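The values are calculated or read from the model by the stated rules, or taken from the named source; none is laboratory data. These figures come from a predicted structure and were not determined experimentally. Every residue, glycine among them, receives a Cβ derived from its backbone with ideal geometry; neighbour counts consider all protein chains shown. Only protein heavy atoms, including side chains, enter the accessible area calculation; ligands, DNA and RNA are left aside. Shrake-Rupley method; radii C 1.70, N 1.55, O 1.52, S 1.80 Å.
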Amino acid sequence: IDNAVFSGAQLAGSLTLPPLGGLGTDVFTGCAGLTDVDFSGLSIWTTISAGLFTGCDALTDITLHEYVPPDTAGIAGIAFTFNGSWSVEEEAERLRLHIPAGAEESYVSQWRYLNAGGYMESPNRSA
């Protein structure tokens, strides 16, 4: 999906995407009526960019089906959020991320600590 392809579109409700080979930046920015997104398949080359859902203030659920978490890309010094208009605390309260049962450890390990390039492992920290 190209950068900003749905940006500002009147997408509302649920959206289920077909398997994707790539995902641009700002794809869903401003889709205020979007409530949940199901990524039915992301390739191993797909990166989820910070702010992918900025302005999607009705968004409550994101579903990923991969056991191996996709890479994330953020901005150095700024906490990764799916909705850039929310604080980390707001996102934790408002958004649920659904992943396959048994994949929790993999996602926590890869997405736990934010770094300039996304989340990374930090073996010296506890959960």
From (1) polar (S, T, N, Q); (2) within 17 Å of Arg96 (Cα to Cα); (3) over 12 Å from the mean Cα position of the chain (by Cα); (4) modelled with pLDDT under 95, pick out the condition that doesn't hold for Thr35. (4)
Restricting to the range 70-98, name every residue that is surrounded by fewer than 17 Cβ atoms within 10 Å (Cβ to Cβ), in a loop (DSSP other than H, G, I, E, B) and either modelled with pLDDT of 80 or more or among the acidic types (Asp, Glu) (or both). Ser85, Ser87
In this structure, is Leu20 under 15 Å from the mean Cα position of the chain (by Cα) and under 18 Å from Trp111 (Cβ atoms)? no
Using the structure shown, decide if Ala101 is modelled with pLDDT under 90, open to solvent by 60 Å² or more (accessible area, probe 1.4 Å) and in a loop (DSSP other than H, G, I, E, B). no
For the range 109-120, which positions are outside any strand (DSSP E or B) and either modelled with pLDDT of 85 or more or under 14 Å from the mean Cα position of the chain (by Cα) (or both)? Gln110, Trp111, Arg112
Could you tell me whether any residue of the range 14-29 is among the aromatic types (Phe, Trp, Tyr), crowded, with 16+ Cβ neighbours inside 10 Å and in a strand (DSSP E or B)? no
Looking only at residues in the range 30-42 that are in a loop (DSSP other than H, G, I, E, B) and open to solvent by 40 Å² or more (accessible area, probe 1.4 Å), which one is nearest to His65 (Cα to Cα)? Ser40
